[in-house]
Amino acid sequence: MRKYIVAGNWKMNTTVPEGVALAKAVVEKAKDIPANVELVVAPPFTHLASVAEALKGSKVALCAQNCADNEKGAYTGEIAVNMLTSVGCQYTILGHSERRQYYGETDEKLVVKTKLALEAGLKVILCVGENLDERKAGKHFEVVTSQTKNVLYNFNEEDLKNIVIAYEPVWAIGTGETATAAQAQEIHACIRSVIAEKFGITAADDMTILYGGSCKPSNAGELFAQKDVDGGLIGGAALKAEDFIAIATSF
Ligand code: 13P
């Protein structure tokens, strides 16, 4: 059964007290969310333990924004998967375009990180998406197909149950420019067919594929109405509990 998810990626925003207040506001409003929609919040690492406390007893899941590509040891500044599970994380985002662009995240590294995360019992929200030049050159299907294959094809059908894909066209992130519902739908359908090709129709049908990139209350309804769009990975609008919840009630 396909799951619908609305996840908030807070990126490098909010102090710990601000983050806790935001988490509490989300929990408070989450009561209005339909039962078949899962809410997820991804605060910065420093916030995870305190936000976990704020989420206790709620149905809102805790997510990291990244994890290390090693289990433990002399990797100054890195955060290991078992550190994330030890503070109550259920998910981690991996391969966000900002990490690919600014921190040299490669598909090869993402395979390692995804393996470590799954072994630790974390679910993975794996981000894919083309940049503006690639879109202009008409290479968006090609780019997204290869990003998806390069990581997912190293896993099996059982692993896939704990992986969510987020399609985030880089040109739509934080720009106010959203992919049209039709643009999102055609890429999501493409991702699903890439999954079906290797893992079969059932696995592809069950995969949750989120859209991210300037998703807000005013456009979420149209995006989520597409048959292959199963929710959103929300940046800016996730920093306001009201907007985040309004998005999650847009299905
Ligand atoms: P915005 O919603 O701010 O465009 O960010 C999207 C995003 O990158 C979520 O991971």
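Residues are listed down the side, and each one gets a yes or a no for (1) touching a residue at least 60 places away in the same chain (Cβ under 8 Å); (2) in contact with a Pro (Cβ under 9 Å, 6 or more places away or on another chain):
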residue	(1), (2)
K11	yes, yes
E18	no, no
L22	yes, yes
L39	yes, no
H47	no, no
A54	no, no
E71	no, no
M83	no, no
G88	no, no
Would you be able to tell me the number of residues in the stretch 90-107 that are in contact (Cβ under 8 Å) with a residue 40 or more places away in the chain and of a type in the set (D, E, K, R)?
2
Determine whether I165 is surrounded by 24 or more Cβ atoms within 10 Å (Cβ to Cβ) and of a type in the set (V, I, T).
yes
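Give the residue, chosen from I245, I201, that is modelled with pLDDT of 95 or more, more than 24 Å from E98 (Cα to Cα) and buried (at least 18 other Cβ atoms within 10 Å of the Cβ).
Selected residue: I245, the only one of I245, I201 that is modelled with pLDDT of 95 or more, more than 24 Å from E98 (Cα to Cα) and buried (at least 18 other Cβ atoms within 10 Å of the Cβ).
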Do you know which residues across the stretch 58-69 are touching a Cys at 6+ places or on another chain (Cβ under 8 Å) and without any contact (Cβ under 8 Å) to a residue 60 or more places away in the chain?
L62, A64
In the stretch 126-160, which residues are closer than 20 Å to V112 by Cβ and either surrounded by fewer than 21 Cβ atoms within 10 Å (Cβ to Cβ) or among the basic types (K, R) (or both)?
S146, K149, N150, Y153, N154, F155, N156, E158, D159, L160
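The values are calculated or read from the model by the stated rules, or taken from the named source; none is laboratory data. All of these numbers come straight from a predicted model, not from anything done at the bench. As a convention, Cβ positions derive from the backbone with ideal geometry for all residues, glycine included, and neighbour counts pool all protein chains shown.
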